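Student: Quick one: structure below, then a few questions.
The values are calculated or read from the model by the stated rules, or taken from the named source; none is laboratory data. Since this is a predicted model, take the numbers as computed values, not measurements. In this analysis, Cβ positions are derived from the backbone assuming ideal geometry, glycine residues included, and neighbour counts consider all displayed protein chains.
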Amino acid sequence: MKAVSMPHFSQAHRIAGRALTAVAIAVALAACSAPPASPWAYQPPALTQQPESATGWSAKPGWAFPREAVAAANPLAADAGAQVLRAGGSAVDAAIAVQMVLTLVEPQSSGIGGGAFLLHHDGQRVRAYDGRETAPAAADGQLFMGTDGQPLPFMEAVVGGRSVGTPGAVAMLALAHRQHGKLPWAQLFGPAITLAEQGFAVSPRLHGLLQAETALKADPVAAAYFYRADGQPHPVGHVLKNPALAAVLREIAVQGPRALHEGPVARAIVARVQQHPTTPGRLSLDDLRDYQPKEREALCFDHQALQRLLRVCGFPPPSSGAVAIGQIMGLLARTPQGSAPLSGEPGPHWLHGYMEASRLAFADRALYLADPDFVAAPAGRWDSLLDMRYLDERARLIGPQRAPQAPPGQPGWVVSAHAPMPDQPEYGTSHISIVDRYGNALAMTTTIEAGFGARLMVSTNPSRPGGFLLNNQLTDFSFTPADAQGRPVANRVEPGKRPRSSMSPTLVFDKASGQLLMSTGSPGGALIIHFTAKTLLATLGGGLAPQAAIDLPNFGTLGGPVLLEAGRFPASTVQALQQRGHTVSETPMPSGLQAIQRGLKDGQVVWLGGADPRREGVVAGD
């Protein structure tokens, strides 16, 4: 069953796509030992088919597919993943194709110059693949401290080489592909290479973000690619080609991640970082060469909803997502508000309980969560923060009024030697959810951190326009390494360390049968935790379909004011929250949620898909 909203294809682009992709794959496979390519050839959609506008609200219909589905942040990326599945590829195969296309068409959010967390289920076991960036070996706790002894202003830290961590997304995807791939690695780069060479139409979202951006213009490579000679971004619909990226993707298709971490591409990355004119960084060739992705144990917790016991699995530290979501859901369930399902716009009584639970969760997050290879878990295990007795104790702090303080707890009665991390901005990311015909599923959140990352574009050939952007992921570390008493912050900068993340790729299962029920996640910095929690609470507890859950107004707190999505809540809700002692800020909250959920349509079991109306994403499949 095809989704009615998928792009149409022109015959000319079908023919051109077959020709270009066949050449790309032939070159790649001739130079490596990959198995023979299947007959599949990527067919690019017609250039006249545009993603939805990123400004305002663009209603999404919701989707249903009987066999397999891909939810991604851009229609071109979702379509590439669906074509991979259609050709017999696995969920991981599709994710690789999606990520490479996103590098091209959504460069502000993720790409080969960044990192990712991938949560994978093969029908038996959940695996967590960590492709998070790492701090250079030459980095230290003073990386983001100024000569006056104060933390640098955030954007001063972001722009330039100082903020660039060792990219990990490509190496992580290669690890996952070795274990779960079905199609040849080289073939999965065909869609992105074809689109980079033929060009893609600039979307309203990309145009709008380029128009608002200022720092990117200071990078000559990026300015020449994204902007016209008069300094204005290319207009919506302009066909933008990126031959420099196509050349790099061809090398990675042939050599694997080694093409990015060694040789000419690695030298180009290091040169851009170390030779930045105002804020050079410390990334070295050794850092790139020595990078290793990690396979970790997923962090799972039980959740009772609609008279059944669910198993919710998320990403462990260095992500703070699963711990924070598990705490919020667990604490909320222990309050009077928790008995009311989230099946529509939340009222002030429900929101009060949610916000107080969130404040407690974010207090623990600030104190405890960091790279587990550098920081020990409280009481020796990360799920101590989700222990039933611990949550029972913490829930007693939630009353009818806003508590004056929301202190961190002491799981296992162990006193932490660390200082809480001060508040700091977080940005960026993109999310991908996929289920395939073989019973595999994944949730992958991928990022270069802030919009357009460190505002550095890498190209190995200056005569070719384009390239790829580098991350500013090191700004996810605490700028302040210790507090006034000298107690270290768990998430401080250290050589080789992975910065704490809010990325929350999530898979949900029926506890009794082990059957997969859902894959979801979102971009949005620290608010990822709330966007994902909202979707879980509305689908699992409220019984809503994924699209209806995603469409609900956004809300959250980072420990301070209550944040409500602007224009989505009545004045009475704001006033009622204020009467309970909350400071309320109505603000844009542009989540980019994607979700795929097992459900029923016309009496048949299908995969129900939802994509955020606040961005350009769609769901594609068969």
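Student: Tell me, which residue of the range 318-365 that is part of a loop (DSSP other than H, G, I, E, B) and touching a strand residue (DSSP E or B) at 6+ places or on another chain (Cβ under 8 Å) is farthest from residue 295 (Cα to Cα)? I'd like the intermediate steps shown before the answer.
Tutor: Of all residues in the range 318-365, those part of a loop (DSSP other than H, G, I, E, B) come to 318, 320, 334-335, 340-347.
Among the residues that remain, those that are also touching a strand residue (DSSP E or B) at 6+ places or on another chain (Cβ under 8 Å) are: 318, 320, 346.
Numbers: 318: 12, 320: 17, 346: 38 Å.
Looking at the filtered set, the residue picked out is 346.
Student: For the range 307-322, indicate whether the set of residues that are at positive phi and not polar (S, T, N, Q) is non-empty. Give the derivation first.
Tutor: Our first condition is that a residue be at positive phi; within the range 307-322, this holds for 307.
Remaining after also requiring not polar (S, T, N, Q): none.
No.
Student: Then there is this: Which is closer than 21 Å to residue 290 by Cβ, under 19 Å from the mean Cα position of the chain (by Cα) and of a type in the set (A, V, I, L, M, F, W, C), of 474, 507?
Tutor: The match here is 474.
Let's see how each residue does on (1) in contact with a helix residue (DSSP H, G or I) (Cβ under 6 Å, 6 or more places away or on another chain); (2) at pLDDT 95 or above; (3) within 17 Å of residue 592 (Cα to Cα):
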| site | (1), (2), (3) |
| --- | --- |
| 494 | no, yes, no |
| 505 | no, yes, yes |
| 509 | no, yes, no |
| 519 | no, yes, yes |
| 522 | yes, yes, yes |
| 525 | no, no, yes |
| 529 | yes, yes, yes |
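Student: While we're looking at this one, here's another question. Collect the residues in the range 431-455 that are more than 18 Å from residue 591 (Cα to Cα) and assigned to a strand (DSSP E or B), keeping them in residue-number order.
Tutor: 434, 435, 441, 442 - these are the residues of the range 431-455 that are more than 18 Å from residue 591 (Cα to Cα) and assigned to a strand (DSSP E or B).
Student: With the checklist (1) closer than 19 Å to residue 420 by Cα; (2) not in a helix (DSSP H, G or I) in hand, flag the one item residue 379 doesn't pass.
Tutor: (2)
Student: Starting from the range 132-153, keep only residues that are in contact (Cβ under 8 Å) with a residue 24 or more places away in the chain and closer than 15 Å to residue 280 by Cβ, then list their pairs with residues that are in a loop (DSSP other than H, G, I, E, B) and among the β-branched types (Val, Ile, Thr) whose Cβ atoms are within a distance under 6 Å, requiring at least 6 positions of separation or different chains.
Tutor: 139/493; 143/493
Student: Among the residues of the range 456-475, are any outside any loop (DSSP other than H, G, I, E, B), among the polar types (S, T, N, Q) and either at pLDDT 95 or above or touching a Lys or Arg at 6+ places or on another chain (Cβ under 8 Å) (or both)?
Tutor: Step one: list which residues in the range 456-475 are outside any loop (DSSP other than H, G, I, E, B), which gives 457-458, 468-469, 473-475.
So of that shortlist, the ones also among the polar types (S, T, N, Q) come out as 473, 475.
Then drop every residue that is not either at pLDDT 95 or above or touching a Lys or Arg at 6+ places or on another chain (Cβ under 8 Å) (or both), which leaves 473, 475.
Taking every residue of the range 456-475 in turn, at least one turns out to be outside any loop (DSSP other than H, G, I, E, B), among the polar types (S, T, N, Q) and either at pLDDT 95 or above or touching a Lys or Arg at 6+ places or on another chain (Cβ under 8 Å) (or both).
Student: Across the range 557-584, which residue is surrounded by the most Cβ atoms within 10 Å (Cβ to Cβ) among those that are over 28 Å from residue 597 (Cβ atoms) and of a type in the set (S, T, N, Q)?
Tutor: Applying the filter and picking the extreme gives 578.
Student: Find the residue count for the range 244-293, including only residues that are of a type in the set (D, E, K, R) and surrounded by fewer than 17 Cβ atoms within 10 Å (Cβ to Cβ).
Tutor: Pass one, the range 244-293, residues of a type in the set (D, E, K, R): 250-251, 258, 262, 267, 272, 282, 286-287, 289-290.
Filter again for surrounded by fewer than 17 Cβ atoms within 10 Å (Cβ to Cβ), leaving 262, 267, 286, 289-290.
Total satisfying the criteria: 5.
Student: Please work out which one of (1) at pLDDT below 95; (2) closer than 26 Å to residue 298 by Cα; (3) of a type outside the set (Val, Ile, Thr); (4) surrounded by 15 or more Cβ atoms within 10 Å (Cβ to Cβ) is the condition residue 419 fails and give its number.
Tutor: Failed condition: (2).
Student: Mind checking which residues of the range 507-556 are part of a loop (DSSP other than H, G, I, E, B) and surrounded by fewer than 24 Cβ atoms within 10 Å (Cβ to Cβ)?
Tutor: Answer for the range 507-556, where residues must be part of a loop (DSSP other than H, G, I, E, B) and surrounded by fewer than 24 Cβ atoms within 10 Å (Cβ to Cβ): 511, 512, 513, 514, 515, 542, 543, 544, 545, 552, 553.
Student: If you don't mind, another one. Which residue pairs have Cβ atoms closer than 7 Å, lie 6 or more positions apart in sequence or on different chains, and pair a first residue in the range 486-509 that is under 21 Å from residue 167 (Cβ atoms) with a second residue that is assigned to a loop (DSSP other than H, G, I, E, B) and modelled with pLDDT under 95?
Tutor: Sorted first by the residue in the range 486-509, then by its partner, the pairs are 491/421; 502/426; 503/429.
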